[in-house]
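Have a look at the structure below before the remarks.
The values are calculated or read from the model by the stated rules, or taken from the named source; none is laboratory data. In this text the structure is predicted, and so the values were computed from the model without any measurement. Here the Cβ positions follow ideal geometry from the backbone for every residue, glycine too, while neighbour counts run over all protein chains shown.
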Amino acid sequence: MYPNLYYAFSDLFGRVPGWLNWLRFINSFGFFVALSFIAAAIVLTRELMRKEREGLLQSREELVLIGKPASPGELLLNFLLGFLLGFKLIGLFTINTGPDFKIQDYILSGRGSMVAGLALGILFAGLKWYEKNKQKLPQPQEKTVRIWPHDRVGDLTIYAFIFGFIGAKIFNSFETWDDFVRDPVGSLFSFSGLTFYGGLICAALAIWWYARKHGIGFWQLNDAAAPALMLAYAIGRIGCQVSGDGDWGILNSAYVTDLHTGKAVLAQMGDYDRTIGQFSSNYASAFSDLHLHSLDQIPHLSVRAPSFLPNWLFAYAYPHNVIDAMNNVRIPGCGGEYCNQLPIPVFPTPIYETMMCLVLFGVLWAIRKKLKTPGYLFAVYLILNGIERFFIEHIRVNSQYAFLPGHPTQAELISSGLVIAGVAILLALGRKKSRPPQVADNAT
């Protein structure tokens, strides 16, 4: 596993030059999340431009005021942005970072470089003043500009990121309620623990409001976003796998981990029970959210990899995982943080989801021009995404709602809701399409 890009560079090239120590501060999961947003923005832009060429989406004229000098509010906003970047980002390279340094603790702390913050803040404010002053007119004028939906992809991406992150953290708090109660601030502001469906729901509401405000066809926008969302999800799951963020499957009791090599080896008679007993305190803590009466109830399956496939595709120990799961199962010879591994390997479900969602992205991309009714493609996305997640939940570790029949997980409930919503949209749009146009009554 690669908790940050420094680990990846070190593994690939053996030695990391001192001038690349900054790679320690780029979290692997965050890196792939950023890639997923970039990929989604590219796909969305391409689809919106196609729909614009086909006349399915229209531009909108807006009045903008030009020739006005920078306002105090604009100067203050740019100063604050520059100050934060200088104080935190440049400060990151000037403070003393020991072996126990954690980037999330630093970001949420008061540490940083005041000099760099003030310098960059003044620079940003000065550049804004210079830009506005260069365009200043004796008398500010209103100008009409034409803005197409694809011109707003940057704004849509920012809205999706901000509200998606907020929603993912809130819904994750519902899934890990005990942890949230113990440390509400740490739970909400940590860089781990994100629930995809929470992000999807909150981001969708924000984008719906934005599209309505700017006159973008709602269903056309949803259809353009459907392939982009599926691709973004597939790439984001690579980050889960690479970082080992805990979003993995249940135990595969057909294997145990060779604690010296970190690789899964076939379990012999009694190896599974013996390993569970040896690390009983770890497993009791890891599965505390499931409120098990005994360790015999730990969710697991026994599945051997076919001879033509590698063992790690069915059983993976997640060495160097970013959440330091199993915090006393150390990797021999490893010093510092991120030195733990799982004594019993688990199903690497992020890999499965990446593969499935790449296939589903291909399906959506192939049929996107064939579904002519606005909203149909988005409905298909909801159904496919819901089905994929519902079935993967059966081999994932998640808190269950014990008070509901069948003890479903949050993801199972929401994925079922997405399938139902997708079917309902198809039926509603189909009924609307087949309804004959009403003829106006000209009788007097």
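Looking only at the stretch 295-318, which residues are in a loop (DSSP other than H, G, I, E, B) and aliphatic (A, V, I, L, M)? Scanning the stretch 295-318 gives 298, 303, 305, 309, 315, 317.
Picking from residues in the stretch 1-30 that are under 17 Å from the mean Cα position of the chain (by Cα) and surrounded by fewer than 18 Cβ atoms within 10 Å (Cβ to Cβ), the one that is nearest to residue 348 (Cα to Cα) is 30. Taking the numbered list (1) modelled with pLDDT under 85; (2) more than 37 Å from the chain's Cα centre (by Cα) in turn, residue 137 passes all entries but (1). Only one entry in 385, 321 is polar (S, T, N, Q), in a helix (DSSP H, G or I) and out of contact with any Lys or Arg (no Cβ under 9 Å at 6 or more places or on another chain), namely 385.
Specify which of the listed residues (47, 52) is buried (at least 16 other Cβ atoms within 10 Å of the Cβ) and over 27 Å from the mean Cα position of the chain (by Cα).
52
Checking residue 131 against (1) modelled with pLDDT under 85; (2) among the acidic types (Asp, Glu); (3) more than 24 Å from the chain's Cα centre (by Cα), only one condition comes out false. Which one? Among (1) modelled with pLDDT under 85; (2) among the acidic types (Asp, Glu); (3) more than 24 Å from the chain's Cα centre (by Cα), the lone unmet condition for residue 131 is (1). Applying the set (1) out of contact with any Gly (no Cβ under 9 Å at 6 or more places or on another chain); (2) modelled with pLDDT under 90; (3) surrounded by fewer than 18 Cβ atoms within 10 Å (Cβ to Cβ); (4) not small (Gly, Ala, Ser) to residue 295 leaves exactly one unmet item: (1).
Name the one entry in 208, 219 that is surrounded by fewer than 20 Cβ atoms within 10 Å (Cβ to Cβ) and modelled with pLDDT of 90 or more.
Details: 208 fails: modelled with pLDDT of 90 or more.
Only one candidate qualifies: 219.
Among the residues of the stretch 140-159, are any of a type outside the set (Gly, Ala, Ser), closer than 30 Å to residue 398 by Cα, crowded, with 16+ Cβ neighbours inside 10 Å and free of Cβ contacts under 8 Å to residues at least 60 places away in the same chain? Yes, some residue in the stretch 140-159 is of a type outside the set (Gly, Ala, Ser), closer than 30 Å to residue 398 by Cα, crowded, with 16+ Cβ neighbours inside 10 Å and free of Cβ contacts under 8 Å to residues at least 60 places away in the same chain. When residue 324 is tested against (1) in contact (Cβ under 8 Å) with a residue 24 or more places away in the chain; (2) of a type outside the set (Phe, Trp, Tyr); (3) at positive phi; (4) touching an Asp or Glu at 6+ places or on another chain (Cβ under 9 Å), just one condition goes unmet, and that condition is (1).
Collect the residues in the stretch 197-221 that are under 22 Å from residue 371 (Cα atoms) and in a helix (DSSP H, G or I), keeping them in residue-number order. Give the steps one after another, and end with the answer.
Of the stretch 197-221, the ones under 22 Å from residue 371 (Cα atoms) are 204, 208, 211, 216-221.
Scanning the stretch 197-221 gives 204, 208, 211, 218, 219, 220, 221.
Within the stretch 247-285, the set of residues being more than 31 Å from the chain's Cα centre (by Cα), under 30 Å from residue 411 (Cα atoms) and acidic (Asp, Glu) comprises 273 only.
When 386, 335 are checked against the criterion of being at pLDDT below 95, among the small types (Gly, Ala, Ser) and touching a Leu at 6+ places or on another chain (Cβ under 7 Å), a single residue qualifies: 386.
All of 361, 314, 308 fail the test of being out of contact with any Lys or Arg (no Cβ under 8 Å at 6 or more places or on another chain), surrounded by 13 or more Cβ atoms within 10 Å (Cβ to Cβ) and of a type in the set (Phe, Trp, Tyr), apart from 361.
Going by the conditions given, is residue 237 among the basic types (Lys, Arg) and surrounded by 14 or more Cβ atoms within 10 Å (Cβ to Cβ)?
yes
Scanning the stretch 324-348 for residues that are surrounded by 14 or more Cβ atoms within 10 Å (Cβ to Cβ) and outside any loop (DSSP other than H, G, I, E, B) gives 340, 346. Of all the listed residues (366, 421, 379), the sole one being modelled with pLDDT of 95 or more, in contact with a helix residue (DSSP H, G or I) (Cβ under 6 Å, 6 or more places away or on another chain), small (Gly, Ala, Ser) and part of a helix (DSSP H, G or I) is 379. Go through 228, 264, 224 for me and flag whichever is buried (at least 18 other Cβ atoms within 10 Å of the Cβ), touching a residue at least 12 places away in the same chain (Cβ under 8 Å) and outside any helix (DSSP H, G or I). Of the residues listed, the single one that is buried (at least 18 other Cβ atoms within 10 Å of the Cβ), touching a residue at least 12 places away in the same chain (Cβ under 8 Å) and outside any helix (DSSP H, G or I) is 264. Which one is modelled with the lowest pLDDT, of the residues in the stretch 55-95 that are within 21 Å of residue 22 (Cβ to Cβ) and in a loop (DSSP other than H, G, I, E, B)? Ranking the candidates gives 95 first.
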